[in-house]
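Here's the structure, in structure tokens; my notes come after.
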Amino acid sequence: MTLYLYDTYARQLREFIPLSASEVGVYTCGPTVYDYAHIGNLRTYVFEDVLRRTLEFNNFSVKHVMNITDVGHLVSDADEGEDKMEKGSRRTGKTAWEIAEFFTHAFQADLKHLNILEPHIWCRATDHMNEQIEFIRCIEAKGYTYQTSDGLYFDTTKLGDYGYLGRLDIEGLQAGARIDLGEKRSLTDFALWKFSPSNQKRQMEWKSPWGVGFPGWHIECSAMSAKYLGNYFDIHCGGEDHITVHHTNEIAQTEACFGTRLANFWMHGYFLQFDDERMSKSSGEFLRLQVLIDRGYDPLAYRFFNMSAHYRTKLNYSWDGLDSAAKSLDRLRNLVFEWGVPGIVDEEYTAQFTAQINDDLNMPRALAVTWDLARSSLPNATKKATILIFDRVLGLGLGEWQPKTEIIPEDIISLASERQTARSEKRWSDADALRDRIAEAGFEIEDTPKGPRIKSRK
Ligand code: AMP
Ligand code: ZN
């Protein structure tokens with residue numbers, strides 16, 4: 001079945017045809033590891049995971065690369081202000097290197113919680129300094145750079161179609177700009193290499209042909225994607241905020257050096273919004289996955305919540321929304337468990353499911369097909385086999401899930417039985433006292449029509 005994906009570059013759905021028969025190259029911009037990821041960031045990684053799983057569902061062999069930005073991402077996207085890592089270091093009293101290590105692990109743990117497949121290659125910006133310097137030399141040799149007192153810049157006026165990805169109105173931007181450009185020649189020019197300030201020793205700095213300093217944020221992705229996937233590969237993704245600056249500049253760098261536009265498809269996940277405000281790490285307050293877990297949610301309920309909206313629509317976060325996702329997931333898991341042993345896969349439902357995921361990853365519709373299957377009159381074994389196929393894309397771990405069976409200690413069982421006796425003999429105060437003792441031990445008794453049920457107190 002044909003796979004259609006929305007390409008931001010072309011602003012339309014395009015049939016996905018891999019550049020090479022053997023492997024599909026996918027590069028996803030990774031986190032800036034100066035803090036935890038918030039659940040907005042994680043929405044983008046869930047979308048990218050669904051993309052990868054859909055490609056694999058279509059029998060493509062995927063090579064997935066994700067970078068870790070551990071240097072060079074400045075507080076402002078306009079190449080100004082402090083490096084986010086150095087700022088994080090001041091905030092926490094740890095070194096920039098320690099922070100990077102700590103938050104990289106925290107991020108990888110989040111991905112695991114969300115059942116997001118690990119990229120085949122992780123690459124850190126700080127481990128690829130030579131590649132970045134070589135890339136900048138290439139851009140310089142082709143005549144696209146100029147130097148100022150604080151760094152080496154990319155001259156965006158030299159590239160005819162600069163800003164095409166974001167459909168940037170360069171003249172309009174220049175005219176409306178009120179900010180001081182400093183030594184930058186045009187508003188859209190960006191740093192390839194920044195010099196360490198002369199009055200300050202940076203924790204992260206390297207020697208280069210232009211002086212001691214550190215790379216600009218965008219160069220790492222051009223350099224590392226070229227190293228691992230070649231200078232023109234299949235799909236490049238990130239959040240929608242990357243369209244106008246980061247990805248635009250990645251394309252400029254790669255076009256300047258190799259003359260290719262880096263990737264065949266450009267895909268972007270829309271933002272998760274919180275009370276209709278954009279959630280951002282730098283705004284200080286944000287929800288991270290651990291907060292959801294601490295409130296008793298299964299992280300996969302958050303994955304499910306994300307799949308209830310198309311990746312190209314904004315999604316408003318609400319606790320009610322998460323609650324209903326958690327309930328739906330719970331219902332689905334229990335059903336799948338009760339269906340028992342898998343039998344033969346149903347082709348008809350599988351075709352319907354495939355049609356939806358292949359229509360630009362339409363997960364809300366794919367979930368609707370999943371519920372149709374669940375409610376259908378097919379034999380349980382068929383439903384089970386079919387849903388396990390769907391789960392390769394859904395990634396909800398439906399095959400492994402089991403209802404929790406609680407182990408109730410013997411002494412609690414005997415207290416409960418004493419209480420039953422007291423109740424049947426109408427010794428109410430004894431019964432109440434026994435109930436209190438059971439509660440003190442961390443359990444409670446629920447009197448159901450089928451008799452009392454013991455469970456642990458939450
Ligand atoms: P960062 O760690 O800030 O570089 O961002 C990591 C990824 O999360 C990037 O792909 C961003 O585009 C994406 N992102 C940032 N904020 C949000 C949000 N509120 N919703 C969805 N994705 C986001
Ligand atoms: Zn990137």
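Of the residues making up region 19-34, those that are assigned to a loop (DSSP other than H, G, I, E, B), more than 8 Å from ligand 1 (Cβ to nearest atom) and not aromatic (Phe, Trp, Tyr) are 19, 20, 21, 22, 23. For residue 188, state whether it is more than 15 Å from ligand 2 (Cβ to nearest atom), touching an Asp or Glu at 6+ places or on another chain (Cβ under 7 Å) and in contact (Cβ under 8 Å) with a residue 12 or more places away in the chain. Judged against the criteria, residue 188 is not a match.
When you look at residue 83, is it under 17 Å from the mean Cα position of the chain (by Cα), in contact (Cβ under 8 Å) with a residue 60 or more places away in the chain and more than 10 Å from ligand 1 (Cβ to nearest atom), yes or no? Considered against the rule, which asks whether it is under 17 Å from the mean Cα position of the chain (by Cα), in contact (Cβ under 8 Å) with a residue 60 or more places away in the chain and more than 10 Å from ligand 1 (Cβ to nearest atom), residue 83 comes out as no. Region 346-458 holds helices (runs of 4 or more DSSP H) entirely within its bounds, and those carrying 2 or more residues that are crowded, with 19+ Cβ neighbours inside 10 Å and among the charged types (D, E, K, R) map to 380-394. Residue 191 - would you say it is modelled with pLDDT of 90 or more and either more than 22 Å from residue 86 (Cβ to Cβ) or of a type in the set (A, V, I, L, M, F, W, C) (or both)? Yes. In region 233-277, how many are of a type outside the set (Ser, Thr, Tyr), under 16 Å from the mean Cα position of the chain (by Cα), more than 16 Å from ligand 2 (Cβ to nearest atom) and open to solvent by 10 Å² or more (accessible area, probe 1.4 Å)? Result for region 233-277: 2. Screening the candidates 305, 286 for the property of being within 16 Å of ligand 1 (Cβ to nearest atom), modelled with pLDDT under 95 and over 27 Å from residue 173 (Cα atoms) yields one hit, 286. The residue list 398, 434, 415 contains one member that is closer than 30 Å to residue 49 by Cβ and either modelled with pLDDT of 85 or more or in contact with a helix residue (DSSP H, G or I) (Cβ under 6 Å, 6 or more places away or on another chain) (or both), which is 398. Screening residue 103 on (1) open to solvent by 40 Å² or more (accessible area, probe 1.4 Å); (2) of a type in the set (A, V, I, L, M, F, W, C); (3) closer than 25 Å to residue 249 by Cβ shows it passes everything except condition (1).
The numbered conditions (1) away from ligand 1 (no atom under 16 Å from the Cβ); (2) hydroxyl-bearing (Ser, Thr, Tyr); (3) in a loop (DSSP other than H, G, I, E, B) are all true for residue 254 except (3). Restricting 67, 59 to residues that are outside any strand (DSSP E or B), of a type in the set (S, T, N, Q) and more than 22 Å from residue 309 (Cα to Cα) narrows the list to 59. Restricting 41, 67, 59 to residues that are open to solvent by 20 Å² or more (accessible area, probe 1.4 Å) and within 14 Å of ligand 2 (Cβ to nearest atom) narrows the list to 41. For the residues 206, 217, the requirement of being open to solvent by 20 Å² or more (accessible area, probe 1.4 Å), within 16 Å of ligand 1 (Cβ to nearest atom) and among the hydrophobic types (A, V, I, L, M, F, W, C) singles out 217. Annotation: residue 36 fulfils all but one of (1) touching a helix residue (DSSP H, G or I) at 6+ places or on another chain (Cβ under 7 Å); (2) within 16 Å of ligand 2 (Cβ to nearest atom); the unmet one is (2).
Scanning region 146-164 for residues that are closer than 22 Å to residue 243 by Cα and among the hydroxyl-bearing types (Ser, Thr, Tyr) yields a total of 5. Checking each residue in region 130-167 for being within 24 Å of residue 238 (Cα to Cα) and open to solvent by 40 Å² or more (accessible area, probe 1.4 Å) picks out 131, 161, 164, 167. In region 24-45, the residues that are over 23 Å from residue 56 (Cα atoms) reach residues that are within 6 Å of ligand 1 (Cβ to nearest atom) and charged (D, E, K, R) with C-beta atoms within less than 6 angstrom, at least six apart or across chains, in these pairs: 35/281; 38/281.
For region 323-345, enumerate the residues that are outside any loop (DSSP other than H, G, I, E, B), under 16 Å from residue 392 (Cα atoms) and more than 23 Å from the chain's Cα centre (by Cα). Those that are outside any loop (DSSP other than H, G, I, E, B), under 16 Å from residue 392 (Cα atoms) and more than 23 Å from the chain's Cα centre (by Cα): 332, 333, 336.
The values are calculated or read from the model by the stated rules, or taken from the named source; none is laboratory data. Keep in mind the model is a prediction, meaning the values are calculated, not measured. Positions of Cβ are backbone-derived with ideal geometry, glycine not excepted, and every protein chain shown enters the neighbour counts. For accessibility, only protein heavy atoms count, side chains too; no ligands or nucleic acids. Shrake-Rupley method; radii C 1.70, N 1.55, O 1.52, S 1.80 Å.
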